[in-house]
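Below is one structure, written out as structure tokens; the observations come after it.
The values are calculated or read from the model by the stated rules, or taken from the named source; none is laboratory data. Please read all numbers here as calculations on a predicted model, not as lab measurements. Cβ atoms come from the backbone with ideal geometry, glycine included; neighbour counts cover every protein chain shown.
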Amino acid sequence: MSGLLRHREFLRRAPLAPRYDVVVIGGGAVGLAIAYELAARQGLRRVAVLERAYIGAGASGRNTQVVRANYNTPETVPLYKASLEIWRTLSQELDFNIQFSTQGELDLVHTRDALEVERDKALLDRAYGVPMEILTPDEVLE
């Protein structure tokens, strides 16, 4: 049965070892990403994640749960694209359902200056293949 459908304990509590190559403090999105990168891509095998409560207990797991793919500067494009590819394949790689899905986003602006910023971002996003539209208030109501 696929790992996407079956339940198993994935990040379990384990007794502390006497030594680690790296100890990451915090089991939120950033801490887990660092631990994953070090173990999966840098070859470190003794990576510990220490979390005060439980994995994802803070804002990463409860309040935000957002992975953005909009580009604010041309320099961030390769980073965002690589990140999205990791997110798309991570459940299969880990044999664990991380519950990643792609959704749209609606940002509201309240000033002309903010609208100009969003228009600039939309131009950059479209230039790199990210679908982005600026809607009028009436179009949002539709």
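Rundown of residues vs (1) modelled with pLDDT of 85 or more; (2) part of a loop (DSSP other than H, G, I, E, B), yes/no style:
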| residue | (1), (2) |
| --- | --- |
| Q92 | yes, no |
| Q103 | no, yes |
| V109 | yes, yes |
| V130 | no, yes |
| I134 | yes, yes |
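The condition of being of a type outside the set (S, T, Y), at pLDDT below 85 and more than 21 Å from P131 (Cβ to Cβ) holds for only one of N63, N70, that being N63. Only one of the numbered conditions (1) of a type in the set (A, V, I, L, M, F, W, C); (2) surrounded by fewer than 14 Cβ atoms within 10 Å (Cβ to Cβ); (3) in a loop (DSSP other than H, G, I, E, B) is not met by L79, and that is (3).
Here is a yes/no grid of residues against (1) touching a helix residue (DSSP H, G or I) at 6+ places or on another chain (Cβ under 9 Å); (2) exposed (fewer than 11 other Cβ atoms within 10 Å of the Cβ):
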| position | (1), (2) |
| --- | --- |
| V22 | yes, no |
| I34 | no, no |
| L38 | no, no |
| G43 | no, yes |
| A48 | yes, no |
| S60 | yes, no |
| E85 | no, yes |
| V109 | yes, no |
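For N97, the conditions (1) surrounded by 14 or more Cβ atoms within 10 Å (Cβ to Cβ); (2) free of Cβ contacts under 8 Å to residues at least 60 places away in the same chain; (3) of a type outside the set (K, R); (4) under 26 Å from V130 (Cα atoms) all hold with the exception of (2).
Taking the numbered list (1) assigned to a loop (DSSP other than H, G, I, E, B); (2) of a type in the set (D, E); (3) at pLDDT 85 or above in turn, D138 passes all entries but (1).
Residue pairs whose Cβ atoms lie under 7 Å apart, separated by 6 or more positions or on different chains, with the first residue in segment 114-142 and farther than 26 Å from K81 by Cβ and touching a residue at least 12 places away in the same chain (Cβ under 8 Å) and the second surrounded by 11 or more Cβ atoms within 10 Å (Cβ to Cβ) and among the hydrophobic types (A, V, I, L, M, F, W, C), are L115/V109.
Considering segment 3-37, the residues that are farther than 13 Å from A48 by Cα and more than 13 Å from the chain's Cα centre (by Cα) include one that is modelled with the lowest pLDDT, namely H7.
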